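Novice: I have a structure here, written as structure tokens, and I will follow up with some questions on it.
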Amino acid sequence: MNYSDDLKIVWWGIGACGSGTMADFLRDYYNLVDNGRNTSGIPQDKKDYTVITNVRNPYAWELSTYFDVSEGNDITFGEFLEKGGYCTQQPLIADYYIRCEDMYSEIQKIPNIKKLPSEAKKRLSDPSYQRSRPFITKTLLRDYWNQELVNKYSERYAKLFEVTGYNKDSWKTGIHWEGFNEISI
């Protein structure tokens, strides 16, 4: 459970959603108490804090996580989804969602964060970590997702699409959400 008394927020940094970049940023500028970035929950004495969490387009999220877990394994993407996938296991009860595809714009929507440091845009838009998985592009999504898989698993992601505003057809259109058209994360 991660929190900042300076901002009066509880932050959940869920894996494969820019959590490393966001944890470093919140720690460096807002005294985030980092108790393990891929955790959730609300400390008893922080129940009145605003809850925020990083999220990612569900199709890209599943694919990115698949790349992480399939390395060295003989599991297909379909088998990975059949075993439960990943992003459906995550909590969805946040006050604000920071979509990792545009963390700088998203963090500005959180009222508790009144003033961003001048280097915020560069830090949140250009993560400095070393990628171990390929960039998820529209072409890559279509190489793994197809209408059959989307039909089979669409209900799994319904709540996530609803609360985050991601486009349900993004796996084939490349449009994450209205006003943000680039799939390359």
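The values are calculated or read from the model by the stated rules, or taken from the named source; none is laboratory data. Computed from a prediction, not measured in an experiment: that's the story for all the values here. Cβ: placed from backbone, ideal geometry, glycine included. Neighbour counts: every protein chain shown.
Novice: List, please: which pairs have Cβ atoms under 6 Å, are six or more places apart or on different chains, and start with a residue in region 68-88 that is modelled with pLDDT under 90 and end with one that is assigned to a helix (DSSP H, G or I) and of a type in the set (A, V, I, L, M, F, W, C)?
Specialist: Every condition considered, the pairs that remain are Cys87/Trp61.
Novice: Could you tell me whether any residue of region 154-166 is modelled with pLDDT of 90 or more, within 15 Å of the chain's Cα centre (by Cα), surrounded by 17 or more Cβ atoms within 10 Å (Cβ to Cβ) and part of a loop (DSSP other than H, G, I, E, B)?
Specialist: Yes: region 154-166 contains one or more residues that are modelled with pLDDT of 90 or more, within 15 Å of the chain's Cα centre (by Cα), surrounded by 17 or more Cβ atoms within 10 Å (Cβ to Cβ) and part of a loop (DSSP other than H, G, I, E, B).
Novice: Looking at Gly13, Gly41, which is the one that is surrounded by fewer than 19 Cβ atoms within 10 Å (Cβ to Cβ) and either among the aromatic types (Phe, Trp, Tyr) or over 14 Å from Leu160 (Cβ atoms) (or both)?
Specialist: Only one candidate qualifies: Gly41.
Novice: Surrounded by 17 or more Cβ atoms within 10 Å (Cβ to Cβ), within 17 Å of the chain's Cα centre (by Cα), within 25 Å of Lys159 (Cα to Cα) and at pLDDT 85 or above, is that true of Ser64?
Specialist: So Ser64 passes the test.
Novice: I've got another one for you. Filter region 167-179 for residues that are in a loop (DSSP other than H, G, I, E, B) and touching a helix residue (DSSP H, G or I) at 6+ places or on another chain (Cβ under 8 Å); which is surrounded by the fewest Cβ atoms within 10 Å (Cβ to Cβ)?
Specialist: Taking the candidates together, the pick is Lys168.
Novice: Continuing with this model, one more query. Applying the selection to region 100-115, what residues are in contact (Cβ under 8 Å) with a residue 40 or more places away in the chain and part of a loop (DSSP other than H, G, I, E, B)?
Specialist: Listed by number, the residues that qualify are Ile110, Pro111, Asn112, Ile113.
Novice: Let me ask another. Residue under question is Pro134, and the condition is that it be surrounded by fewer than 16 Cβ atoms within 10 Å (Cβ to Cβ) and modelled with pLDDT of 90 or more; does it hold?
Specialist: So Pro134 fails the test.
Novice: Considering region 89-100 alone, what residues qualify as being out of contact with any helix residue (DSSP H, G or I) (no Cβ under 7 Å at 6 or more places or on another chain) and modelled with pLDDT of 85 or more?
Specialist: Those that are out of contact with any helix residue (DSSP H, G or I) (no Cβ under 7 Å at 6 or more places or on another chain) and modelled with pLDDT of 85 or more: Ala94, Asp95, Tyr96, Cys100.
Novice: Please tell me if Tyr59 is assigned to a helix (DSSP H, G or I), touching a helix residue (DSSP H, G or I) at 6+ places or on another chain (Cβ under 7 Å) and buried (at least 17 other Cβ atoms within 10 Å of the Cβ).
Specialist: Criteria met by Tyr59.
Novice: Would you please name the residue that is surrounded by the most Cβ atoms within 10 Å (Cβ to Cβ), looking only at residues in region 17-37 that are closer than 18 Å to Arg99 by Cβ and among the small types (Gly, Ala, Ser)?
Specialist: Applying the filter and picking the extreme gives Gly18.
Novice: If you don't mind, another one. Can you tell me how many residues in region 1-47 are out of contact with any helix residue (DSSP H, G or I) (no Cβ under 6 Å at 6 or more places or on another chain), assigned to a loop (DSSP other than H, G, I, E, B) and touching a residue at least 40 places away in the same chain (Cβ under 8 Å)?
Specialist: Selection size over region 1-47: 8.
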